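Report on the structure given below.
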Amino acid sequence: MTLAPLGPPYAGGAREALPALAKRLAVHRIFGFSVARREPAMSRVCEYCGKRTHVGNSIARRGLAKAKGGVGIKTTGVTRRKFKPNLQVVRALVGATVTRVKVCTSCMRNGAIKKPMLGPKNKPASK
């Protein structure tokens, strides 16, 4: 767990800095990820649902299943592998500001983010 540095000695004193630190620790303790860019985002973590890299096994097998007339399937090797989420960096409305967020494609499909309207500079070229 990495937290953003609090910076040089606190301008308002240690009493004002402690609630900010406690708030950041509480968010990390509860969610384990950043919530819509309120704090620095970790890599390969969806900022909305918290989907992250998981580990598992890749199992290599040989043989023909008994149901298909064979003598059975044998495992020839087990290799550790990673299951990574399909993360995209997109511009989204967070509160009233437009910011870039790392979002998995399932959150994009489910409507968890609101994409900003195109301004006059960003309108697609008409043919």
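Among (1) modelled with pLDDT of 55 or more; (2) part of a loop (DSSP other than H, G, I, E, B); (3) charged (D, E, K, R), which single condition is residue 37 missing?
Against the list (1) modelled with pLDDT of 55 or more; (2) part of a loop (DSSP other than H, G, I, E, B); (3) charged (D, E, K, R), residue 37 comes up short only on (1).
Need a quick list: strands (runs of 3 or more DSSP E) entirely within the stretch 61-127 having at least 3 residues that are in contact (Cβ under 8 Å) with a residue 40 or more places away in the chain.
Of the strands (runs of 3 or more DSSP E) lying wholly inside the stretch 61-127, those with at least 3 residues that are in contact (Cβ under 8 Å) with a residue 40 or more places away in the chain span 97-104.
The values are calculated or read from the model by the stated rules, or taken from the named source; none is laboratory data. In this text, all values refer to a predicted model and were calculated from it rather than measured experimentally. A quick note on method: Cβ atoms are made from the backbone with ideal geometry, for glycine too, and the neighbour counts reach across all protein chains shown.
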